[in-house]
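The values are calculated or read from the model by the stated rules, or taken from the named source; none is laboratory data. Small disclaimer: the values here were computed from a predicted structure and weren't measured. Cβ sites come from the backbone with ideal geometry, for glycine too, and all protein chains shown count toward neighbours.
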């Protein structure tokens, strides 16, 4: 089987690299590696989501499919009095996200290995953010949306970035069937930012 970033235990050879970048006006440094999503630089869709997402200080936040951590760590800076839980099925990504949170001084973060939202069963959040793993297939992406709805507090919001050509219209339709209150709040280079409120 070929290795994908949503493999649980990537066995591709390590190729660690450092990415220095600015997200939401903050200079950050990330370590990435082979076998994780967007290892060479912060994915453009993630950047668009980070710039668009609205997170109040004190919020409880869940980052689904956190990769090596740029979205969740940015959320941690937006809500210093809140808490961010970051989850990913990829064990290598989880280790990198922990390392990157520590190295960037994001102390209000918990990182866990999780198949979709299984590791946070019974927990509720004010905000859920995701750059969903499109290559994992529509069934997995739609399951993320369904489980996100169940894990949001009333009035909570789900923020999703998805490319138009990779299924933004069907994603929006699925979100509308679950949430009702769904709006496209931004678009950039084919990426759509969809906000759904419970």
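Got a sec? Which of 171, 148 is at pLDDT below 95, on the phi < 0 side of the Ramachandran plot and buried (at least 18 other Cβ atoms within 10 Å of the Cβ)?
Answer to the check: 171.
Could you grab me the full set of residues in the range 145-166 that are outside any helix (DSSP H, G or I) and either touching a helix residue (DSSP H, G or I) at 6+ places or on another chain (Cβ under 6 Å) or farther than 16 Å from residue 46 by Cα (or both)? Let's see the steps before the verdict.
Step one: filter the range 145-166 for residues outside any helix (DSSP H, G or I), giving 151-163.
Once the filter is applied, which keeps residues that are outside any helix (DSSP H, G or I) and either touching a helix residue (DSSP H, G or I) at 6+ places or on another chain (Cβ under 6 Å) or farther than 16 Å from residue 46 by Cα (or both), the range 145-166 yields 151, 152, 153, 154, 155, 156, 157, 158, 161, 162.
Would you check which residues across the range 124-144 are outside any strand (DSSP E or B) and touching a residue at least 40 places away in the same chain (Cβ under 8 Å) and list them?
124, 131, 132, 133, 135, 136, 140, 144
Quick check: is even one residue across the range 116-127 modelled with pLDDT under 95, touching a helix residue (DSSP H, G or I) at 6+ places or on another chain (Cβ under 9 Å) and at positive phi?
Looking through the range 116-127, at least one residue is modelled with pLDDT under 95, touching a helix residue (DSSP H, G or I) at 6+ places or on another chain (Cβ under 9 Å) and at positive phi.
Collect the residues in the range 54-75 that are surrounded by fewer than 24 Cβ atoms within 10 Å (Cβ to Cβ) and under 21 Å from residue 105 (Cβ atoms), keeping them in residue-number order.
Correct list: 55, 56, 57, 58, 59, 60.
Looking at (1) over 22 Å from residue 152 (Cβ atoms); (2) at pLDDT 95 or above, can you tell me which one residue 81 breaks?
For residue 81, the exception is condition (1).
Could you list all residues from the range 80-104 that are more than 17 Å from residue 130 (Cα to Cα) and out of contact with any helix residue (DSSP H, G or I) (no Cβ under 9 Å at 6 or more places or on another chain)?
Keep residues of the range 80-104 that are more than 17 Å from residue 130 (Cα to Cα), which gives 80-82, 91-92, 95-96, 98-104.
If the condition is that a residue be more than 17 Å from residue 130 (Cα to Cα) and out of contact with any helix residue (DSSP H, G or I) (no Cβ under 9 Å at 6 or more places or on another chain), then 80, 81, 91, 92, 95, 96, 98, 99, 102, 103 are the ones that fit.
Scan the range 28-50 for residues that are surrounded by fewer than 14 Cβ atoms within 10 Å (Cβ to Cβ) and modelled with pLDDT of 95 or more and jot them down.
29
Restrict the check to the range 170-179 and report whether at least one residue is over 21 Å from residue 65 (Cα atoms), in a loop (DSSP other than H, G, I, E, B) and out of contact with any strand residue (DSSP E or B) (no Cβ under 7 Å at 6 or more places or on another chain).
So far as the range 170-179 goes, no, none of its residues is over 21 Å from residue 65 (Cα atoms), in a loop (DSSP other than H, G, I, E, B) and out of contact with any strand residue (DSSP E or B) (no Cβ under 7 Å at 6 or more places or on another chain).
Which of the residues spanning the range 109-123 are surrounded by 17 or more Cβ atoms within 10 Å (Cβ to Cβ) and part of a loop (DSSP other than H, G, I, E, B)?
The answer is 114, 116, 117.
Applying the selection to the range 90-108, what residues are modelled with pLDDT of 95 or more, crowded, with 20+ Cβ neighbours inside 10 Å and not in a helix (DSSP H, G or I)?
Across the range 90-108, the qualifying residues are 104, 106.
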